[in-house]
1. Nearest 0.05, what FRET efficiency do Asp30 and Arg98 give at R0 = 30 Å with Cβ-Cβ as r?
2. Write down the radius of gyration of the chain and its Dmax, each obtained from C-alpha positions, in Å.
3. Please give the Cα centre distance for the range 85-117 versus the range 1-20, rounded to the nearest Å.
4. Grab the Cα-Cα distance for Thr46 and Asp16, subtract it from 0.36 nm times how many residues apart they are, and report the gain in nm with one decimal.
5. Residues with beta-carbon under 11 Å from that of Arg116, excluding Arg116: net charge, scoring Lys, Arg +1 and Asp, Glu -1?
6. Nearest 10 degrees is fine. How inclined is helix 132-152 to the longest principal axis of the chain, computing both from alpha carbons?
Amino acid sequence: MPDRSTQFATFTVERDIAFPPTAVFRAFADIDAKRRWFGDPDGTDTEHALDFRVGGLEHSSGGSPEAGGWYTYDATYQDIVPGERIVYTYAMTIDGNRISASVATIELAPRDGGTRLRLTEQGVFLDGLDTNAAREHGTNELIDALAASLESAPAGAAR
């Protein structure tokens with residue numbers, strides 16, 4: 001039987017993004033906009049479905065042995081206030097092993113012609129398969145990718 005453990009942690013990531021809250025919100029709500037920044041930066045995602053509404057589900061999976069294994073991300077949206085707040089719960093697996101379960105809250109506020117984004121995550125990391133430090137690092141990379149995707153969005157794309 002494998003060693004079982006739980007590690008509880010909370011972290012907050014804050015960024016000023018040079019786009020209005022409606023554009024930042026759309027980067028979470030629109031599947032095409034979200035695909036530009038969310039998931040595997042190496043492009044090994046094989047599935048991504050998004051039902052962005054309270055009670056709606058999001059599923060993403062992909063990976064490869066070279067990229068560290070096959071992962072799944074499954075979220076349920078708990079609360080959505082357009083342009084202001086998104087609250088969701090999610091679980092992740094790697095190679096079929098559950099590595100974490102989390103509650104995440106995204107707050108968007110207008111700031112100097114752009115948006116102050118604050119993401120707070122409360123998580124439990126399971127059996128030593130993931131850590132708070134690794135998740136916080138990955139979340140920082142995702143928020144950087146979100147900002148870059150807004151900067152580089154093609155004309156007419158959702159932003």
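Rule-based calculations on the coordinates, nothing more; no lab input. What you see is a predicted model, and the numbers here were worked out from it, not measured in a lab. In this analysis, Cβ positions are derived from the backbone assuming ideal geometry, glycine residues included, and neighbour counts consider all displayed protein chains.
1. On the way: r = 29 Å, r/R0 = 0.95.
Rounded to the nearest 0.05, the efficiency is 0.55.
2. 15.6, 55
3. If we compute the Cα centre of each part, the gap is 8 Å.
4. Full-extension gain reported as 7.7 nm.
5. Result for the neighbourhood of Arg116: -1.
6. Orientation of helix 132-152: about 30 degrees from the principal axis.
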